[in-house]
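Bear in mind that the values in this text are calculations on the coordinates, not laboratory data. All values reported here derive from a predicted model rather than from experimental measurement. Cβ placement follows ideal geometry from the backbone for every residue including glycine, while neighbour counts extend to all protein chains displayed.
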Amino acid sequence: MRLLLINPNTTASMTEKAAIAARAVAGVGTQIIAATSQMGPASIEGYYDGAIAVPGMLQELKERQVAGYDAAIICCFDDTGLDAARMFCDVPVVGLCEAAVTTAGFLAQRFSVVTTLERSRILIDNLVQRYGMGSRAKVRASDIPVLELEGASAGAIGKLRAEIERALAEDGAEAIVLGCAGMADLARELQAIYGVPVVDGVAAAVKQAEALVSLGLSTSKRSAYASPLPKPFSGALQHLAPVARSPSK
């Protein structure tokens, strides 16, 4: 199967880091196709960045349809544009946050999500509530700008580890979820250090996407995720205007 791993920010090195993590867990016969948005912010930190990133992400989804993919993974823990992508695509679309907290729920009664900045913590906390894990999870910010994770500096890793230690001591966390795609390469090391499950959203999303494809399941096109209605778009986004689909879509 072919899984499209799409980074909605424009930092190619972050895409490559996530692709390495995805390929490390992908099953035999699964091809990871990594794509980086060509317009938008270099990192996504909060609602504004996320809104600006969505058109570039949708453009990548559209352009990659020619070659084809069996499922798509939105490679940002904010689940940037996930609902829009599910309306646009005829294949399953998986978000990192939803995949990660669902996976953590299989492993622990209580867990903590450790993310980057406070503005992202609030957004992710709202997602955790939406995904039905609000009573079981606490979201923490480690005060690390996303792009600082690219260099894996000692300072950034120290802040992340300090927040994990606070989560274990203060939250009663039985597992840790890493709340940023830029942390994907740290999960195994942190799990070995702390002796609890450490869930990386990239890996969790790959395995859940594989499961959906293997089960022959895709996004319902009834009601909420029905394909967009055809209508003209104006200005710079006119190339994303929906076209007429078959009645079943």
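So here's what we get for this one:
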quantity	calculated
Among 107-113, 10-16, the order from most to least packed when residues are scored by Cβ within 10 Å on average	107-113, 10-16
log10 of Debye I(q)/I(0), alpha-carbon scatterers only, for the range 97-200 at 0.16, 0.24, 0.25 Å⁻¹	-0.59, -1.41, -1.54
Under 9 Å, Cβ to Cβ, from residue 32 - net charge with Lys/Arg +1 and Asp/Glu -1	+2
Theoretical FRET efficiency, 1/(1+(r/R0)^6), r = Cβ-Cβ of residue 207 and residue 48, R0 30 Å, to 0.05	0.45
164, 176 arranged by Cβ crowding within 10 Å, fewest neighbours leading	164, 176
Percent of C-alpha pairs per 10 Å bin, the chain, short to long	7, 33, 36, 18, 5, 1
Computed helical MRE - 222 nm, the chain, DSSP H runs ≥ 4 contributing -39500 (n - 2.57), nearest 500	-13000 deg cm²/dmol
Amide N of the range 75-89 lying under 20 Å from the label point, which is placed 7 angstrom from the Cα of residue 233 along Cα→Cβ	75-76, 79-89
Proximal charge balance of residue 61 [Cβ under 14 Å; K/R count +1, D/E count -1]	-1
DSSP H segments from the chain that extend 24 Å or more along their own axis, Cα-based, with Kyte-Doolittle mean of -1.0 or above	47-64
